[in-house]
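Okay, so here's the structure we're looking at.
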Amino acid sequence: MPLQIVHHPDYDAGFAVNHRFPMSKYPLLMEALSARGLAGPEALSMPRPAPASWLKLAHAASYVDQVLACEVPEKIEREIGFPVGPRVSLRAQLATGGTVLAARLALLNGIACNTAGGSHHARRAQGAGFCTFNDVAVASLVLLAEAAARNILIVDLDVHQGDGTADILGDERRVFTFSMHGDRNYPARKIASELDIALPDGTGDADYLERLGGILPELTARAPWDIVFYNAGVDVHAEDRLGRLSLSNEGLRAREAMVIRHFRALGIPVCGVIGGGYSTDVAALAARHAILFEVASGFA
Ligand SMILES: [Zn+2]
């Protein structure tokens, strides 16, 4: 069975090419996956939009209604970083439905990845930082509500701290939130995860991988995890416009292998989401995101 990949063409909301959020990375990632032979018909599943009932498990009902009606107040849109029109609203619903679907496929097959997701700055009350809905928080709460999982671990290695996820799941004892990120990166005011590791600017491959390798066994020991959500943001890369941690492509590949091998060797299902990545060279950026899928396919 090939690696199960969840994708929808409307993950791309069609922003202008010079927008600060590089929306064209979604179709380019699919091209990269096709070129690597990873996107055959047996590999791909298409999500449906997440229904309001799922979204309201993680977010204030009033905010969910605003996004679905495309009536998000301008002040919140400014915090998100773009206006929430019909395409952005649909994209947020699809990306969230995609992470729920990828989680279900991971529970069935051991590993699955969404070609979107990792919108970890969206808090309970509202979106922020290019994140409309917090797909991983929604998916965690859906699995718990359906009794499809009892203990959930979130490993968030995007370069930015997972403040929204911590905000939503802080009181949920069945979900453990771990974030390893750049200390000086957004958000300026972080919301504490269950475990946070803040790294200095310019950390680089060797120190980064050493910290990660040291923490994974500690995370595993905390509970009998039924599933791990892995936010594989590539904004840790040296050429990222926003990140400050200076990883190379080889470092990224080693990171994905370290995380996935660790949990799969223990038989714990892994649901990968792509997280952040910001670069004006969007083809290079898409190739960075593709590394998660290349590595994950070796464990499918
Ligand atoms: Zn990020």
*asked:* Can you tell me which residue is nearest to the ligand (Cβ to nearest atom) among those in region 262-279 that are assigned to a loop (DSSP other than H, G, I, E, B) and among the β-branched types (Val, Ile, Thr)?
replied: Ile274
_Out of Asp201, Asp163, I need the residue that is charged (D, E, K, R), more than 20 Å from Phe293 (Cβ to Cβ) and either in contact with a helix residue (DSSP H, G or I) (Cβ under 9 Å, 6 or more places away or on another chain) or surrounded by 20 or more Cβ atoms within 10 Å (Cβ to Cβ) (or both). Which one?_
Asp163
*Find the residue count for region 96-127, including only residues that are surrounded by fewer than 24 Cβ atoms within 10 Å (Cβ to Cβ), among the polar types (S, T, N, Q) and in contact with a strand residue (DSSP E or B) (Cβ under 6 Å, 6 or more places away or on another chain).*
1
*Single residue of Ala148, Ala223, Ala137, Ala188 found to be within 16 Å of the ligand (Cβ to nearest atom), open to solvent by less than 50 Å² (accessible area, probe 1.4 Å) and out of contact with any His (no Cβ under 7 Å at 6 or more places or on another chain)*: Ala137
*Got a sec? Which strands (runs of 3 or more DSSP E) wholly within region 158-235 have at least 1 residues that are hydroxyl-bearing (Ser, Thr, Tyr) and farther than 19 Å from Ala257 by Cβ?*
175-182
_Just the residues that are basic (Lys, Arg) and within 25 Å of Pro187 (Cβ to Cβ), please, taken from region 45-103._
Lys56, Lys75, Arg78, Arg91
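The values are calculated or read from the model by the stated rules, or taken from the named source; none is laboratory data. Computed from a predicted structure; not experimentally measured. Quick reminder, even Gly has a Cβ in these numbers, built from the backbone with ideal geometry, and neighbours come from all protein chains shown. Accessible surface is based on the protein model in full, side chains and every heavy atom, while ligands, DNA and RNA are left aside. Shrake-Rupley method; radii C 1.70, N 1.55, O 1.52, S 1.80 Å.
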